[in-house]
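Trainee: Quick one: this structure, given as structure tokens, is what I'll be asking you about.
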Amino acid sequence: MTIARFWRETPQRYNLGGSRCSSCGSAFFPPRAVCPTCPEHRRSLGKMEPLQLSGEGEVYSFTVVHDPAEGFEMQVPYVLALVKTPEGPILTGQVVDVLPAEVHVGLRVQATFRKLREEGKSGVIHYGYKFAVAREEGREPVAPEGESVPEPRREGPRPART
Amino acid sequence: MSEEPVGIVSYGAYVPRYRIAPAEIGAVWGADGEAMGKGLGVFRKSVPAPDEDTITISTEALRQALARGRISPQSIGALYVGSESHPYAVKPTATVVAQAVGATPYLTAADFEFACKAGTAAIQTCMGLVKSRMITYGVAIGSDTSQGAPGDALEYSASAGGAAFIIGRERLLAEINATESFTTDTPDFWRREGQRYPSHGGRFTGEPAFFRHVGECGRRMMERMEMTPKDYRHVVFHQPNGKFPQRIGKTLGFTDEQMRYGLVTPYLGNTYSGAALLGLANVLDHADPGDRVLVVGYGSGAGSDAFDLTVSDRIHQFDRQGPRIQEFLDGGTPLNYALYAKFRGKIHLGGS
């Protein structure tokens with residue numbers, strides 16, 4: 001069942017394709033066929049335009065998930081955030097490659113392409129957007145909790161023994 | 001040489017954020033990991049997050065290449081992904097990548113596999129299609145999330161990463177003057193259908209495999225182009241570890257300075273199909289107009305592809321938005337072995 005549903009949603013999940021009402025200018029993600037904010041909904045019919053989100057945004061609010069959904073056991077604890085985009089819509093998505101303690105409201109993030117879930121060992125693999133900390137944040141390498149491995153010193157290549 | 005140029009129009013790369021050091025791996029298996037790492041010339045290797053695979057790495061690399069080159073994804077006529085860790089045995093990596101960058105539906109796409117040289121084979125295919133004017137732009141990606149069996153020597157080096165090259169006729173960053181290949185049936189490294197980890201011939205992976213193929217192919221390329229090692233500013237070899245490429249470089253007559261930017265494995269590990277291409281990407285990050293570059297890839301099984309390139313004047317105007325290779329070499333979040341084992345799915349959770 002989920003194959004058809006995910007496949008239909010590919011433009012949104014892969015490429016952040018939303019829509020904008022040409023009457024009132026409101027932006028939506030996922031895309032809508034009718035504008036819910038226009039006083040006369042019917043007037044927006046056929047006037048919704050495709051809107052490509054840039055993938056940029058900042059954390060509007062977030063939660064840390066310790067009791068994972070099926071398939072997310074390996075990623076606990078993970079951060080699920082509401083991300084406010086410059087285009088307007090607020091997206092829900094996981095923030096990856098980050099410690100929960102590093103995440104705060106206002107953190108700048110950028111959409112990244114990741115594996116969302118697998119339908120068991122033999123089923124289809126679903127892909128889509130998640131969010132990673134934006135490069136502008138200038139993040140230093142951070143060791144996970146309990147980490148004891150120091151970052152190896154940068155050394156020049158050793159001359160080969162022949 | 002060619003009557004019409006063909007070459008690299010843009011390039012992008014992606015390496016997962018996590019790193020593990022050989023000492024951390026060795027400590028688990030009762031081995032001197034630090035000595036192992038020094039012997040291999042690998043100081044750390046990249047580790048993909050649990051939600052990363054060849055498809056996600058390829059997509060990130062190609063998105064960067066398209067943005068940097070300001071190329072419309074709809075103008076891509078062919079897209080090939082070379083990898084030995086395609087997430088599906090049957091169902092192309094290339095279709096997901098093409099859809100994810102907005103290149104569908106009017107293009108041809110396929111997955112390539114030739115151990116570590118599937119990415120260079122994809123470049124050669126794109127060169128042919130571009131040169132024959134069948135397409136305007138071809139995309140060649142080399143990307144992997146390879147695994148070594150726990151405790152095996154490969155575990156100290158097998159890592160994850162990839163690079164995407166857009167091949168075209170105009171606005172070239174570097175012209176590919178010629179390509180050369182050297183191919184034989186040599187069983188030095190393989191993975192049978194359904195097997196989780198690859199097998200290898202130990203020391204057999206050296207002389208009759210890597211050194212013979214890379215050496216012969218590199219020499220032949222230089223002979224054909226009437227070039228000598230000193231005529232090249234940069235050289236890139238396939239780099240299963242830090243040691244093999246340095247040894248073959250010395251044998252062929254190249255200096256450490258010529259190999260400086262092309263050697264990235266010491267800080268990323270062996271990214272397999274991505275290895276030589278990430279080395280080339282790092283060279284292009286540092287190259288100047290007029291630089292001659294020699295690239296010799298290698299794939300077990302076995303074969304080598306060589307490329308002779310000349311960097312163009314456009315390289316200085318090229319907008320390298322997004323991370324440069326140096327950021328991947330310097331950055332990263334260190335992992336301990338327990339987290340690494342969890343991330344790589346080496347922990348059995350029970351159930352089906």
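Trainee: Given B:Tyr267, B:Tyr272, which one is buried (at least 23 other Cβ atoms within 10 Å of the Cβ), of a type in the set (Phe, Trp, Tyr) and more than 14 Å from chain A (Cβ to nearest Cβ)?
Mentor: Only one candidate qualifies: B:Tyr272.
Trainee: So, in the stretch B:219-245, how many residues would count as being open to solvent by less than 10 Å² (accessible area, probe 1.4 Å), in contact with a Gly (Cβ under 7 Å, 6 or more places away or on another chain) and at the interface with chain A (Cβ under 9 Å from one of its Cβ atoms)?
Mentor: 1
Trainee: Are any residues in the stretch A:20-57 polar (S, T, N, Q) and under 22 Å from B:Ala103 (Cβ atoms), and if so, which ones?
Mentor: Result: A:Gln52, A:Ser54.
Trainee: For the stretch B:63-91, how many residues meet the condition of being touching a helix residue (DSSP H, G or I) at 6+ places or on another chain (Cβ under 9 Å), part of a helix (DSSP H, G or I) and closer than 11 Å to B:Gly138 by Cα?
Mentor: Count: 1.
Trainee: Now a separate question. Got at least one residue in the stretch A:49-67 being open to solvent by 80 Å² or more (accessible area, probe 1.4 Å) and within 28 Å of B:Lys342 (Cβ to Cβ)?
Mentor: Yes, the stretch A:49-67 has at least one match.
Trainee: Now for a different question. Going by what's in this entry, would B:Glu60 be described as of a type in the set (Asp, Glu) and either surrounded by fewer than 24 Cβ atoms within 10 Å (Cβ to Cβ) or assigned to a loop (DSSP other than H, G, I, E, B) (or both)?
Mentor: No; evaluated as a whole, the condition is false for this residue.
Trainee: OK, next. Restricting attention to the stretch B:297-335, and to residues there that are open to solvent by 30 Å² or more (accessible area, probe 1.4 Å) and part of a helix (DSSP H, G or I), which single residue is nearest to the other protein chains (Cβ to nearest Cβ)?
Mentor: Residue satisfying both the conditions and the ranking: B:Asp330.
Trainee: Restricting attention to the stretch A:5-22, does a residue exist that is over 13 Å from A:Gly88 (Cα atoms) and over 24 Å from the mean Cα position of the chain (by Cα)?
Mentor: yes
Trainee: Select, from B:Glu52, B:Glu34, the only residue that is within 12 Å of another protein chain (Cβ to nearest Cβ), acidic (Asp, Glu) and more than 16 Å from A:Tyr14 (Cβ to Cβ).
Mentor: B:Glu34 is the lone residue from the list that is within 12 Å of another protein chain (Cβ to nearest Cβ), acidic (Asp, Glu) and more than 16 Å from A:Tyr14 (Cβ to Cβ).
Trainee: Which condition from (1) within 14 Å of another protein chain (Cβ to nearest Cβ); (2) under 29 Å from B:Gly332 (Cα atoms); (3) more than 21 Å from the chain's Cα centre (by Cα) is the one that B:Thr251 breaks?
Mentor: Among (1) within 14 Å of another protein chain (Cβ to nearest Cβ); (2) under 29 Å from B:Gly332 (Cα atoms); (3) more than 21 Å from the chain's Cα centre (by Cα), the lone unmet condition for B:Thr251 is (2).
Trainee: Kindly indicate which of B:Glu34, B:Glu3 is part of a loop (DSSP other than H, G, I, E, B), open to solvent by 10 Å² or more (accessible area, probe 1.4 Å) and either farther than 17 Å from B:Val139 by Cα or at pLDDT below 95 (or both).
Mentor: Result of the check over B:Glu34, B:Glu3: B:Glu3.
Trainee: In addition: Any residue in the stretch B:147-164 that is farther than 19 Å from B:Lys38 by Cα sitting within a Cβ distance under 8 Å of a residue that is among the hydroxyl-bearing types (Ser, Thr, Tyr) and open to solvent by 30 Å² or more (accessible area, probe 1.4 Å)? List the pairs, counting only those 6 or more apart or interchain.
Mentor: Between residues of the stretch B:147-164 that are farther than 19 Å from B:Lys38 by Cα and residues that are among the hydroxyl-bearing types (Ser, Thr, Tyr) and open to solvent by 30 Å² or more (accessible area, probe 1.4 Å), the close pairs are B:Gln147/B:Tyr197; B:Ala149/B:Tyr197; B:Gly161/B:Tyr14; B:Gly162/B:Tyr14; B:Ala163/B:Tyr14.
Trainee: Just to verify a result, which residue in the stretch B:82-103, among those that are open to solvent by less than 40 Å² (accessible area, probe 1.4 Å) and among the hydroxyl-bearing types (Ser, Thr, Tyr), is nearest to the other protein chains (Cβ to nearest Cβ)?
Mentor: The qualifying residue nearest to the other protein chains (Cβ to nearest Cβ) is B:Tyr88.
Trainee: Confirm whether B:Tyr197 is among the hydroxyl-bearing types (Ser, Thr, Tyr), more than 14 Å from chain A (Cβ to nearest Cβ) and not in a helix (DSSP H, G or I).
Mentor: Here the answer is yes, as B:Tyr197 does meet what is asked.
Trainee: Tell me, please, whether a residue that is free of Cβ contacts under 8 Å to residues at least 60 places away in the same chain, closer than 29 Å to B:Tyr340 by Cβ and not aromatic (Phe, Trp, Tyr) can be found in the stretch B:66-81.
Mentor: No, that holds for no residue.
Trainee: Touching a strand residue (DSSP E or B) at 6+ places or on another chain (Cβ under 8 Å), open to solvent by 50 Å² or more (accessible area, probe 1.4 Å) and either within 30 Å of A:Thr37 (Cβ to Cβ) or modelled with pLDDT under 95 (or both): is that true of A:Lys84 in this structure?
Mentor: Yes: the conditions hold for A:Lys84.
Trainee: Now for a different question. Of all residues in the stretch A:91-111, how many are closer than 22 Å to A:Arg5 by Cα and free of Cβ contacts under 8 Å to residues at least 40 places away in the same chain?
Mentor: 3
The values are calculated or read from the model by the stated rules, or taken from the named source; none is laboratory data. None of these values were measured; they are calculated from a predicted model. Here Cβ is always computed from backbone atoms with ideal geometry, including for glycine, and neighbour counts include all displayed protein chains. These area figures cover heavy atoms from the full protein model, side chains too; ligands, DNA and RNA do not enter into them. Shrake-Rupley method; radii C 1.70, N 1.55, O 1.52, S 1.80 Å.
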